[in-house]
Ligand SMILES: [Zn+2]
């Protein structure tokens, strides 16, 4: 089965040409499209240069298909939550909505993985420790 990333609300496929597509809105009020690679822990977001996001700024992520806000809050931190399907298994993907903060989590039925320099402080949110 093809790897996919999809919206938890409408189950629309967000994964196109090896990029995960989001509609996003920065605190400044600017909005635009953001593309992420499927390499979790790779934080090079692709966007138009006119869509400026400051380091440390909070960015809201929306499903480009149903426009649901993909935010979840865990212990006062804000994450974008999408689903990943890989080799028939389903995972939850959470990544920080603070620009420049490198924290991504993959949560599966038996698996929990944390990626990124800023991920360590918050690895016990779900009562499980990461297994690498
Ligand atoms: Zn959706």
Just one listed residue, out of 20, 53, is modelled with pLDDT of 95 or more and surrounded by 17 or more Cβ atoms within 10 Å (Cβ to Cβ), and it is 20
Okay, strands (runs of 3 or more DSSP E) sitting entirely in region 1-92 with 1 or more residues that are farther than 23 Å from residue 111 by Cα and either within 16 Å of the ligand (Cβ to nearest atom) or out of contact with any helix residue (DSSP H, G or I) (no Cβ under 9 Å at 6 or more places or on another chain) (or both), I get 19-26, 31-37, 59-62
Per the filter on region 37-63, residues touching a residue at least 40 places away in the same chain (Cβ under 8 Å) and within 15 Å of the chain's Cα centre (by Cα) are 40, 41, 43, 58, 59, 62, 63
Output for Cβ contacts, cut-off 7 Å, separation at least six or different chains, first residue without any contact (Cβ under 8 Å) to a residue 40 or more places away in the chain in region 64-90, second within 12 Å of the ligand (Cβ to nearest atom) and part of a strand (DSSP E or B), reads 69/62; 72/81; 90/83
Within region 102-116, the count of residues that are without any contact (Cβ under 8 Å) to a residue 40 or more places away in the chain, surrounded by 15 or more Cβ atoms within 10 Å (Cβ to Cβ) and either in contact with a helix residue (DSSP H, G or I) (Cβ under 6 Å, 6 or more places away or on another chain) or part of a loop (DSSP other than H, G, I, E, B) (or both) comes to 1
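The values are calculated or read from the model by the stated rules, or taken from the named source; none is laboratory data. In this text, all values refer to a predicted model and were calculated from it rather than measured experimentally. FYI the Cβ positions are ideal-geometry reconstructions off the backbone, even for glycines, and counts take in every protein chain you see.
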